[in-house]
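Structure record follows, encoded as structure tokens.
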Amino acid sequence: MPETDDIGFGLPSGVSWSMDWNLLRTFMVIAEENSITRAARFLGLKQPTVSNALRRLETLLGCQLAARDPRNFDLTRHGQALYKECREIFGSVSRLPNLLSDTCDTVEGHVNICMASHVMTPLLDTALATFHARHSMTSFSISVLSSRDVVEAVVSKQASFGVCLMREPVPELTTTLFYREHFGFFCGPSHPLYGRTGLTLRDMRDYERVTFSTDNLGDVLHPVAALRAQAQFSDKVAGDSNNLEEVRRMIMAGLGIGPLPIHVVERDIKNGRLWQLPPYKDPPIIDLFVISHPRANLNAAEAAFLVTLTDLIAETPLDERTYGTNVPMPGGQS
């Protein structure tokens, strides 16, 4: 039986040594843009050049990677498998300078964390402060993305690890429940419901909504969407965003009613910039997770910080990592 190449397509050995890695990079852009024309524009190349690169790669690998005609472009099963490998390859390559910075026994290096907007928990603050005090030769960068993009960055190994909302676990990732937050519905000072007490979910049905892009059944804010659907809220959306700060801004501006993590906007509630609406008891619960890739090559700082954070989580009971249950509200609501 002939030897096969490691890429998984049953190819003769040696393909990895003769591979033009620029072809893989071009293919990855084609897959992400879902178009040869857009990929050419992104790469600053002519369309025939990109088309020729795709044909060369298909010839080298001995399989069709994309089904294309003038109107449609879709990756084949082989194309989807190759794209997944390309993401990991280039994610690992992008992290090489960080990995090669480990030259001594001292814990030093750069930690790259991706997280959803407004991750607010004293556990993260404590972990950062404690770790940097012990290892002063370390540095951090924190990128704020949508939860979906956080997962993508960790899966492709472009980030050391991430903090995000998740509806379903991703099989290739290690997932740790970080903390739990309660979501409430709110309106701003100019809204007709502001200042009213004794409301029910029925009173909120006819008003426009402001919401998150992930406020859909089956998505990461499923518990919020399920309550909204059960209460028969209006389908008219006045504004949406994947950034908590922008959702908060639109609610405060009076565009509509919308969901926010109660503990994140506690100060706004106390200062009267937001008014909490029903349900006042048992509001929806959303879980946030720390995710990492077990096959990612972490540098010394990344590995040590991940241990620091996960150990702190393990030492803290879940009820102490659950927020937004007892926030005082204007008007004496309960």
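Numbers for the structure displayed
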quantity: Pair list, Cβ < 9 Å and 6+ apart or interchain, from the stretch 134-147 residues that are loosely packed, with under 14 Cβ neighbours inside 10 Å to residues that are small (Gly, Ala, Ser); calculated: ARG134/ALA304; MET137/GLY109; MET137/ALA301; SER139/GLY109; SER139/ALA301
quantity: Residues of the stretch 148-172 classified as within 19 Å of CYS86 (Cα to Cα), among the aliphatic types (A, V, I, L, M) and crowded, with 21+ Cβ neighbours inside 10 Å, total; calculated: 5
quantity: Residue list for the stretch 214-224, restricted to those being surrounded by fewer than 19 Cβ atoms within 10 Å (Cβ to Cβ) and touching a helix residue (DSSP H, G or I) at 6+ places or on another chain (Cβ under 9 Å); calculated: ASN216, LEU217, GLY218, ASP219
quantity: Selection from the stretch 268-311 of residues that are more than 30 Å from VAL247 (Cβ to Cβ) and hydroxyl-bearing (Ser, Thr, Tyr); calculated: THR308
quantity: Candidate set from the stretch 50-90 (those that are within 16 Å of VAL29 (Cα to Cα) and among the β-branched types (Val, Ile, Thr)); member that is surrounded by the most Cβ atoms within 10 Å (Cβ to Cβ); calculated: VAL50
quantity: Subset tally (residues that are assigned to a helix (DSSP H, G or I), out of contact with any Asp or Glu (no Cβ under 6 Å at 6 or more places or on another chain) and crowded, with 16+ Cβ neighbours inside 10 Å) for the stretch 225-253; calculated: 8
quantity: Residue within the stretch 247-254 that is modelled with pLDDT of 95 or more, touching a strand residue (DSSP E or B) at 6+ places or on another chain (Cβ under 7 Å) and over 20 Å from ASN216 (Cβ atoms) present; calculated: no
quantity: Residue in the stretch 179-195 that is at pLDDT 95 or above, within 16 Å of the chain's Cα centre (by Cα) and part of a strand (DSSP E or B) present; calculated: yes
quantity: Yes/no for ASP268 being assigned by TED's automatic domain parsing to the domain that holds ARG209 and either crowded, with 21+ Cβ neighbours inside 10 Å or modelled with pLDDT of 95 or more (or both); calculated: yes
quantity: Subset tally (residues that are within 29 Å of MET166 (Cβ to Cβ) and surrounded by fewer than 18 Cβ atoms within 10 Å (Cβ to Cβ)) for the stretch 190-207; calculated: 1
quantity: Unmet requirement for MET28, which otherwise passes all of (1) closer than 29 Å to LEU165 by Cβ; (2) modelled with pLDDT of 75 or more; (3) touching a strand residue (DSSP E or B) at 6+ places or on another chain (Cβ under 6 Å); calculated: (3)
quantity: Count of the stretch 95-116 residues which are surrounded by 18 or more Cβ atoms within 10 Å (Cβ to Cβ), modelled with pLDDT under 90 and of a type in the set (Gly, Ala, Ser); calculated: 1
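Per-residue answers, yes or no, for (1) without any contact (Cβ under 8 Å) to a residue 60 or more places away in the chain; (2) farther than 29 Å from VAL151 by Cα; (3) assigned to a helix (DSSP H, G or I):
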position: GLU32; (1), (2), (3): yes, no, yes
position: PHE42; (1), (2), (3): yes, no, yes
position: SER51; (1), (2), (3): yes, yes, yes
position: ARG55; (1), (2), (3): yes, yes, yes
position: LEU60; (1), (2), (3): yes, yes, yes
position: GLN64; (1), (2), (3): yes, no, no
position: CYS86; (1), (2), (3): no, no, yes
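The values are calculated or read from the model by the stated rules, or taken from the named source; none is laboratory data. A quick note: this is a predicted structure, and the numbers were derived from the prediction, not measured. Note that we place each Cβ from the backbone using ideal geometry, even for glycine, and neighbour counts take in every protein chain shown.
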